[in-house]
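Rule-based calculations on the coordinates, nothing more; no lab input. The structure displayed is predicted, hence computed values, not measured ones. Every residue, glycine as well, gets a Cβ built from its backbone with ideal geometry; the counts of neighbours run over all protein chains shown.
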Amino acid sequence: ERVAVHAIRGSLILTLARWPHPLLSNLERMHRAQSGRCFYCLRQTWLSDEVDFSDRPEISSLEIRFLKATREHLVRQVDGGRNEPSNLVMSCAECNSHRGEVPWQEWREIRRAELASSLGVRPHEPER
């Protein structure tokens, strides 16, 4: 089995095939490939142990729950999206649960703009 690793270059997503570690789950593989960062908002996520976040007073217990790593379908299953590596990314629970019917490209732009605004910085402009 091969796993797809999604790399973002400007506004394009490059899908690179890599041989997975045989003992890791799909979610663990995606988490590792994405350096633990949500595909949409780029916040750091956690897989199975929220203790790493619990000692950070600036993060509330609700935010910690929202930062749990989840599997996300780029093309939603209700829209015909399949459980294939090329259609799966790792996202935080908040981005996954709030996306709704918004296309993934638009949702990624929305979430990154929201994060940039909350940090008081301008969102990254795609390379031309």
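Could you tell me the calculated FRET efficiency between Arg71 and Ser117, based on Cβ-Cβ distance and R0 = 30 angstrom, to the nearest 0.05?
Working: r = 27 Å, r/R0 = 0.91.
Here the calculated transfer efficiency is 0.65.
Taking a label point 7 Å from the Cα of Gln44 along the Cα→Cβ vector, which residues of region 83-98 have an amide N closer than 19 Å to it? Output list for this probe position: 90-95.
Using 0.36 nm per residue of separation minus the Cα-Cα distance, give me the extension gain between Glu58 and Glu106 in nm, one decimal. Please list the in-between numbers first.
Numbers: separation 48, 0.36 × 48 = 17.28 nm, distance 2.86 nm.
Extending this stretch completely gives an extra 14.4 nm.
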